[in-house]
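To start, the structure under review is shown below, and the notes come after it.
The values are calculated or read from the model by the stated rules, or taken from the named source; none is laboratory data. Every value quoted in this text rests on a predicted model; they were computed, and no experiment measured them. Methodologically, a virtual Cβ is constructed for each residue, glycine included, from the backbone with ideal geometry; neighbour enumeration extends over all protein chains shown.
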Amino acid sequence: MPNTNSAKKAVRSSFKKRAHNQLWKNRVKSALKVLKRTVTDKVTDSVVVAEQLTALQKTVDKATKEKVIHKNKANRLKSKYARKTAKLGESSTIKSTKAVKPTKVKSTKAKSTKKA
């Protein structure tokens, strides 16, 4: 049992953090199970596969944002299941969820070479 007030508070906060982490880990696991079942059953409906892959990617990204899983693990999971779904022949309809950053357009104005 914790003796000091700070130790008591640490116990309370660790319980809250554990519950929060378990919530996100369970969400990721359930999304993985659904997608795994689809891949092993070799579902040919590309819309269903794409929706489940997108749901997995969203869940994994949110868990990473909440610092429940590491970003490299999230990227490994997304890549692994994107490849598995692509093997089903549905790669043309499945799109990446990575946002494209807009590029800055360089100005084409000529620099003035005035001398004072």
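Take R83 and tell me if it is at pLDDT below 95, assigned to a helix (DSSP H, G or I) and basic (K, R). Working first, answer last.
Details: at pLDDT below 95: yes; assigned to a helix (DSSP H, G or I): yes; basic (K, R): yes.
Yes, satisfied.
Can you tell me which of T64, T108, T40, T54 is part of a helix (DSSP H, G or I), loosely packed, with under 10 Cβ neighbours inside 10 Å and either modelled with pLDDT of 90 or more or not hydrophobic (A, V, I, L, M, F, W, C) (or both)?
Numbers: T64 fails: loosely packed, with under 10 Cβ neighbours inside 10 Å; T108 fails: part of a helix (DSSP H, G or I); T54 fails: loosely packed, with under 10 Cβ neighbours inside 10 Å.
Only one candidate passes the filter, namely T40.
State whether one or more residues within segment 6-16 are touching a residue at least 40 places away in the same chain (Cβ under 8 Å) and over 23 Å from the mean Cα position of the chain (by Cα).
Within segment 6-16, the first condition is being touching a residue at least 40 places away in the same chain (Cβ under 8 Å), and the residues that meet it are none.
No, segment 6-16 contains no residue that is touching a residue at least 40 places away in the same chain (Cβ under 8 Å) and over 23 Å from the mean Cα position of the chain (by Cα).
Take the residues in segment 17-35 that are in contact (Cβ under 8 Å) with a residue 12 or more places away in the chain and basic (K, R), then tell me which one is surrounded by the most Cβ atoms within 10 Å (Cβ to Cβ). It comes out as R27.
Which residues, taken from segment 30-42, are more than 13 Å from the chain's Cα centre (by Cα) and either under 14 Å from K80 (Cα atoms) or not acidic (D, E) (or both)? Hits for segment 30-42 are S30, K33, V34, L35, K36, R37, T38, V39, T40, K42. In the set (1) under 11 Å from T85 (Cβ atoms); (2) modelled with pLDDT of 95 or more; (3) among the polar types (S, T, N, Q), N72 fails one condition alone, (1).
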